[in-house]
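Enquirer: This is the structure I want to talk about, given as structure tokens.
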Amino acid sequence: MVHFKLIKELEIGEIVRVRLTDSYPIKPFDCGIADLNDFLFNDAKTHLRYLSAVTYLFENKNKTIAYYSLQNDLLNINPHIDKDFDQEISEIIADKDYSFLLEMKDISMFPAAKIGRFAVNTEFQRSEYGTQILHLIIMSFLTDNKTGCQFLTVDALNNAETIRFYEKNGFSFVTLSDYNKPSRQMYKNLITLKQLEYL
């Protein structure tokens, strides 16, 4: 259990982050999207039991403020084909690591972690909670990266508000082929030179 200070904390009481366990009672939650509500109450513990995803809850004494689930992923992008990605790789690798740059340009699959589900209670939406929690997720990989994870990915719901949220927080589209699909594959690069200062 980890204590966090988030915006308007005094108005809703102490907030803690809890890693969901099979026996942990989930407090009331509604994000306004049935699929995301259903995952938390009916699927999250099953995913945990079968090592498919781990779910974290942000809660006060009365309710769940937000939750997110994480799972391993593999970002499949060919830098020789995706020139924007190729340029991005070139910009983030320091001159002294030139050999590593060449190595990255020869591979197309990169270690990643996926935000499988991410939702904020309707009472706390549009209050910066989502952005702050997303930043905590990012920083957790930058400061306590246990397995090697160069990118954070998400299958974002394909609506203007959700896409705008992830773009505002530095996520890019993996492909244009899912433009008209229910969700868009997006990624955030975790190894910018600025972020390397935290390692």
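Read the figures in this text as sums done on the coordinates, not as results from a lab. The shown structure was predicted, so the numbers you read here are calculated from the model rather than taken from an experiment. Quick reminder, even Gly has a Cβ in these numbers, built from the backbone with ideal geometry, and neighbours come from all protein chains shown.
Enquirer: Taking 0.36 nm per intervening residue step and subtracting the Cα-Cα distance, what contour gain separates H135 from Y179 on full extension?
Expert: Full extension from H135 to Y179 adds 13.3 nm.
Enquirer: Over 18 Å between Cα atoms: which of K114/K188; K114/K146; K45/K188 fall into that group?
Expert: Table pairs above 18 Å Cα-Cα are K45/K188.
Enquirer: Which order do the peptides 24-34, 122-132, 152-162 come out in when sorted by mean C-beta neighbours inside 10 angstrom, highest first?
Expert: Highest to lowest by the protection proxy: 152-162, 122-132, 24-34.
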